[in-house]
1. Taking the mean number of other Cβ atoms within 10 Å as a proxy for protection, how do you rank 189-198, 24-33 from highest to lowest?
2. Taking H placed 1.01 Å from N in the peptide plane, check which residues at least 5 places from Cys258 or on another chain put their amide H under 5 Å from its amide H.
3. Report, to one decimal in Å, the Kirkwood hydrodynamic radius for region 142-270 based on all distinct Cα pairs.
4. If each of Ala201 and Lys28 carries a label point 7 Å out from its Cα toward its Cβ, how far apart are those two points in nm?
5. Towards the positive end of the charge dipole of the chain, with charges on Cβ (+1 Lys, Arg; -1 Asp, Glu), say which of Ala215, Ser124, Val170 has the farthest Cα.
6. Per residue of region 185-197, what does 6.51 cos²θ - 1.76 cosθ + 1.60 with θ = phi - 60° give for ³J(HN,Hα)? Whole Hz please, x for Gly and Pro, Karplus curve as stated.
7. Leaving out ligands, DNA and RNA, what percent of the accessible area of region 145-194 is carbon and sulfur, probe 1.4 Å?
8. For Phe172, list long-range residues whose amide hydrogen, built 1.01 Å from N in the peptide plane, is under 5 Å from its own amide hydrogen.
Amino acid sequence: MFSNWLWHRPLDLLIDAGEGLQLMLGQKVWAPEIVAITHGHADHLLGLPGFIASRRFGKGAQDKPLTILYPEGTTGVEAIRELTGRLWSRETFPVTWTPITEGHEQPIGRTRTLQAFASRHNTSELTLGYRVVEARKRLKPEYAGRPEADIRDRVRALGRDAVMDSYQHVLFAHTGDSMPIDPDLVTKADLLVHDATFLTADERKWDIHATAGEALEVARAAGVGCLLLHHLSIRYERGEALPALRALVAASEFSGACWLLDDNWLTSLR
Ligand SMILES: [Zn+2]
């Protein structure tokens with residue numbers, strides 16, 4: 001609850017930048033290429049100055065470019081952007097600050113794209129979630145089960161596009177802090193990181209965070225492979241919360257893998 005961030009190592013992608021980020025990353029501070037900020041609350045931002053400074057002043061790839069995407073008009077991020085500029089006014093940082101809105105697309109390599117979607121959390125400023133999609137091709141249904149030689153002949157005669165459909169596969173999605181998201185955004189995602197602040201909805205005062213049950217229902221409806229619950233409220237004693245979460249997972253119709261991300265630990269909930 002005090003510091004939120006997640007590093008997706010295969011994608012070199014950081015979602016949010018809570019306090020202490022660079023201390024946890026250590027020598028790996030140079031790995032992330034994109035930091036995607038979900039919203040302007042301090043527990044998601046205060047690690048940014050230290051993270052930027054570590055990359056610039058530490059012994060490593062000091063000139064490696066870094067792109068920071070953030071919801072347009074976010075006061076907290078713009079304050080940190082100004083702070084870093086004032087703190088190190090004579091230094092050059094290879095940082096690109098990019099204010100974005102829902103629908104923004106950022107290429108990651110040749111076949112992958114980071115896409116921003118609107119989520120429901122901060123009532124006074126824009127709040128975004130993110131997903132990474134990969135462009136893929138698959139055999140058109142009418143060719144399923146046909147002998148390989150037939151398909152090869154078809155490709156030779158008509159071209160690859162005549163037998164293959166293009167589609168987008170969701171590799172990864174992160175809701176940030178959010179009420180339950182639309183499952184259609186994350187259909188068949190390999191990994192969904194979803195807000196699960198509450199164990200029950202009656203403990204929620206304002207509609208700005210999801211319950212674990214709501215996150216499980218999004219994952220079930222979308223058919224995701226793995227659900228990672230995060231942002232569990234500190235009101236819950238962990239020794240009691242874990243069995244309660246496991247009971248929720250067992251009772252839900254979601255059949256994929258399910259984990260809790262809490263205090264830098266991953267705990268299986270099955
Ligand atoms: Zn928040």
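1. Values: 189-198: 24.3, 24-33: 15.9.
Listed from highest to lowest mean packing, they are 189-198, 24-33.
2. Leu227, Leu269, Arg270
3. Working: mean 1/r = 0.0606 Å⁻¹.
One decimal place: 16.5 Å for the Kirkwood radius.
4. In this crude label model, Ala201 to Lys28 measures out at 3.7 nm.
5. Selected residue: Val170.
6. For region 185-197, the Karplus-derived couplings read 6, 10, 3, 6, 4, 5, 9, 10, 9, 10, 3, 8, 5 Hz, x marking Gly and Pro.
7. On the way: 1280 of 2640 Å².
Roughly 48 percent, rounded to a whole number.
8. Val132, Asp190, Leu191
The values are calculated or read from the model by the stated rules, or taken from the named source; none is laboratory data. All of these numbers come straight from a predicted model, not from anything done at the bench. Positions of Cβ are backbone-derived with ideal geometry, glycine not excepted, and every protein chain shown enters the neighbour counts. We work out accessible area using only protein heavy atoms, side chains counted, and drop any ligands, DNA or RNA first. Shrake-Rupley method; radii C 1.70, N 1.55, O 1.52, S 1.80 Å.
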